[in-house]
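The values are calculated or read from the model by the stated rules, or taken from the named source; none is laboratory data. Not measured: the values here are computed from a predicted model. Methodologically, a virtual Cβ is constructed for each residue, glycine included, from the backbone with ideal geometry; neighbour enumeration extends over all protein chains shown.
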Amino acid sequence: MSTSEIVPVPPTFAAAARIDRATRDALHDEATRDPDAFWRRLADRLDWDRAPTQLKDSSFDRDDFRIRWYADGVLNACVNCLDRHLATRGDKVALIFEADDPATPAQHVTYGELHARVCRLGNALRNLGVRRGDRVTVYLPMIVDAVVAMLACARIGAVHSVVFGGFAPQSIADRIADCASKLVITADEGLRGGKRIPLKANVDAALKMPGTHSVETVLVVRHTGAGIDMQMPRDRWFHAVTDIQPDTCEPEHMGAEDPLFILYTSGSTGKPKGVLHTTGGYLAWASWTHEAVFDLRDDDVYWCTADVGWITGHSYIVYGPLANGATQVVFEGVPNFPDASRFWNVIDRHRVTLFYTAPTAIRALMREGDTPVKRTSRASLRLLGTVGEPINPEAWRWYHDVVGGARCPVVDTWWQTETGGILIAPLPGATALKPGSATLPLPGVQPALVDAEGALLDGEAQGNLVLLDSWPGQMRTLYNDHARFIETYFSAYPGMYFTGDGCRRDADGYYWITGRVDDVINVSGHRIGTAEVESALVAHPHVAEAAVVGYPHDIKGQGIHAYVTLVTDREPDDALRAELVQAVRRAIGPIATPDRIQWAPALPKTRSGKIMRRILRKIAEGAAHQLGDTSTLADPGVVDSLVDGARRDE
Ligand code: WTA
C-alpha cells in the first residue's frame, strides 16, 4: 500500500478552520507539557453545578487501578445538551427529522421544543417510579423520540441502555437481564427502507424470556400506527403518559463519575459486554472531539448517518452535537431507499455541511456508479467523515473526489465503543490526509504499537494497538463485571489498554488500522462476536460443532463464514442451511446473518483439542496456500477436505 499519496489541507479550508496548524501544535504542546491545563480546557466547555478541582486521576497498573476524571465535579448531561442553550439558541433547530419515506415532510425541532419534550418524558419516568441509578432499556427506531428518551434518562439520573432496533428478542432479553432494567421504551414499529420492523412484538417476545422480570413498564411510541398488543397495566402509550406532563423537569445533580449509560458490545466470548460510560469525562470528550474533528461552526448543518443503537449515535448524534448546540439531521432510513441518491438528496434538501457515515455505505453506493451522486448538487458540503472500519483507499478516493467534489477534507475517525469518542483522526484544518489512514492521535491521546510479547515498537512498525494512558471518554468498567473489564482490556499487555486492533504506523507517524486481531468480526461496521454466532449455531439439534471466522467482503468489509459439523446421522442439505441461517437471525438479529455456511466433516484442532482458527481464516480468505505451520494439528487431513469444500462452495 502506498504511504506516499498525500492530500494536503485545502488552503481555503485551513484559513477558516477552528484549528489550524499552529493551534494544533499548541494544543499538542499543552497536552504534553501541561496536561492539567489541557484537561481543564476540556472541562471548561461544560456547565457544572460544581466545577471540578480534580482533573485526571488514573492508573492502568493492576495494583493501583483507577480511571477517574473530574471526579469532584457535579453536572447534568441533559442540562449541558439543552438547558444551557435555551437563552441563546432556544429557537435554533436542534434536530431535522428526515423520515424513511422521502415524501413525508421533514420535522424541525428547536432546542426549546426538544427541552420541553425531554422534560415531559423525564417527569413521566419519575411518575412511573424510575429513580436515579435505575436502568432503562431503549429499543427505538431512528426517530426524535430516541434522542428524547436518552436525554430524559440523563436528566433524571437513570442509566440508559440503548439496544439497536435490528437485534432479535433473545438479544434484547439478554441485555435487559444483564442490567435488570426497570422500564423499556419502544415503538409500535420501525420503518427502514420501506420495511416494517416489529419492535413492540420483539419486546413482547423478549419479556417472555427468563431473567426479564425486572421490567415493570413498557412505554410505546405510536410511530407507524400499526395494530399491536398492549398488555395492561405493563404497557403504556408514550404520548398518553407524556402529554399530561409539565414542560419543565428538575434535573438531578450528578457526580462526574456517576454512570451515564451502558452500551452492550460484542466481545470475543459469547456474552455481550455492558460497556459503562460515566458523565463528566465522557461528555467533555464527546463535545470537544465533535467540535475539533468536524470543525463545527454555529451555522453548520451536521449529519451523522449512524443509529443511536451504536456508540457513534450516542457520542456523535446525541451527546457531542447537542452539547455543542449544533443543528443536525436525524435520519430514519437507509442509503439505498428509495434509490442510491437518497443520501445526496437529503444533503441538498437540508443543506448539510458536515457529513459522517460508514465505509460500508460508501462502498455500496460507489458500486452504483457516479450518476446517482452527480445528479445532485452537494454544494453545501464542506467536510466528510467516516467511522467504524478501515476504509480502503479506493473508496476513500471516490468519497473525496465524487461525493465531495475534491473540495472537502475527509476525516477518517478511529475509535471504539470503549473509547467513548474519537482518538485517532485528522484535525481537518491542520492534518494532511492519506487515503486509508486515520492519520494521527488527537492531543492528549497516547497510542502505541506493541509486538505479541508486549514490547513497544518504535517508528515505522506493525503491531497491536494499545493506549498508554487514559483520556476522559474512556469506559470505566463493564457493568457488574469489573474483573472481566480488567481481564479483557488490561491483561494482554499489563499497564496498557489493549484495543483489540492491529495497526501499522508509517514513517510519518500516521496510523493505519488493519482490523481486529481478536475473535470479533466487523461486518458493515457492526461488531459481531464469533462466539455468539457459534453458540446460535450449536443450539440447533443437528449441529455438533461450529466455528465462525471473518473473510474479506467487498461491501461489508468482512463477511461471516461458518464452518458447521453435523451430528453423525444428519446429511447436509439446503433446507438445513436455511434453518441455520434463521437460527442465527432469531438468536442475534439480521446483522449476524452468516454469508457462508460450509459443511465441515471435522474442524482442524490441535492435539489438545483447540480449534485452529488461524487455519480456518486462511481457508475462508481463499489463501489455502498460506496455511503456515500445520504440524501441531491432530489430524492434518481435515484441512485438505475443508480446502476442497471451500472451493466447491464458490
Ligand atoms: C473498527 C465504532 C479502522 C476497529 C466507533 C474498532 C475502525 C472497532 C475505525 C470499534 C476506523 C472503528 N478505521 N477501523 N476509522 N473506526 N474501527 O465499538 O476495529 O462499534 O476496534 O465503535 O471498529 O467498533 P465500535
request  = Return the residue satisfying two criteria in turn: it lies in the range 362-396 and is touching a residue at least 60 places away in the same chain (Cβ under 8 Å) and farther than 22 Å from Pro10 by Cβ, and of such residues it is farthest from the ligand (Cβ to nearest atom).
outcome  = Arg367
ask   = Looking at this structure, is Pro428 within 13 Å of the ligand (Cβ to nearest atom), touching a residue at least 40 places away in the same chain (Cβ under 8 Å) and not in a strand (DSSP E or B)?
value = no
query = Of everything in the range 349-360 that's assigned to a helix (DSSP H, G or I) and surrounded by fewer than 22 Cβ atoms within 10 Å (Cβ to Cβ), which residue is nearest to the ligand (Cβ to nearest atom)?
reply = His350
remark   = Residues of the range 421-476 being among the hydroxyl-bearing types (Ser, Thr, Tyr) and at positive phi, in sequence order, are Thr439
ask   = What is the residue count in the range 197-216 for residues that are surrounded by 19 or more Cβ atoms within 10 Å (Cβ to Cβ), touching a strand residue (DSSP E or B) at 6+ places or on another chain (Cβ under 6 Å) and either of a type in the set (Val, Ile, Thr) or in contact (Cβ under 8 Å) with a residue 40 or more places away in the chain (or both)?
value = 3
note = Checked the range 501-529 for anything among the charged types (D, E, K, R), near the ligand (Cβ under 10 Å from one of its atoms) and in contact with a Ser or Thr (Cβ under 8 Å, 6 or more places away or on another chain); matches are Asp501, Asp518, Arg527
task = Kindly indicate which of Gly388, Gly369 is touching a Pro at 6+ places or on another chain (Cβ under 8 Å) and on the phi > 0 side of the Ramachandran plot.
result = Gly388
message = Test of understanding: among Gly463, Gly495, which residue is more than 23 Å from the chain's Cα centre (by Cα), assigned by the TED database to the domain that holds Ala43, farther than 25 Å from Ile311 by Cα and not in a strand (DSSP E or B)?
response = Gly495
remark   = Counting only residues that are closer than 22 Å to Ala323 by Cβ and not in a helix (DSSP H, G or I), the range 119-132 contains a total of 1
ask   = Just wondering, is there one or more residues in the range 556-568 that are within 16 Å of the ligand (Cβ to nearest atom), in the same structural domain as Gly645 (by the TED database), surrounded by fewer than 21 Cβ atoms within 10 Å (Cβ to Cβ) and not aromatic (Phe, Trp, Tyr)?
value = yes
task = Could you check, for the range 408-416, whether at least one of its residues is buried (at least 24 other Cβ atoms within 10 Å of the Cβ), within 16 Å of the ligand (Cβ to nearest atom), in a loop (DSSP other than H, G, I, E, B) and touching a residue at least 12 places away in the same chain (Cβ under 8 Å)?
result = yes
ask   = Wholly within the range 36-118, which strands (runs of 3 or more DSSP E) include no fewer than the required count, namely at least 1 residues that are without any contact (Cβ under 8 Å) to a residue 12 or more places away in the chain and in the same structural domain as Ala146 (by the TED database)?
value = 56-59, 66-69
request  = Determine if the range 536-551 includes at least one residue that is within 14 Å of the ligand (Cβ to nearest atom), within 19 Å of Thr417 (Cβ to Cβ) and not aromatic (Phe, Trp, Tyr).
outcome  = yes
ask   = Which strands (runs of 3 or more DSSP E) sit wholly inside the range 251-334 and have at least 3 residues that are under 19 Å from the mean Cα position of the chain (by Cα), touching a residue at least 40 places away in the same chain (Cβ under 8 Å) and closer than 19 Å to Ser161 by Cβ?
value = 259-265, 273-278
ask   = Within the group Asp64, Asp91, which residue is closer than 23 Å to Ala152 by Cβ, loosely packed, with under 15 Cβ neighbours inside 10 Å and more than 27 Å from the chain's Cα centre (by Cα)?
value = Asp91
inquiry  = Residues that are more than 17 Å from Val538 (Cα to Cα) and in contact with a strand residue (DSSP E or B) (Cβ under 7 Å, 6 or more places away or on another chain): list the helices (runs of 4 or more DSSP H) wholly contained in the range 552-650 that include at least 3 such residues.
reply    = 613-621, 637-649
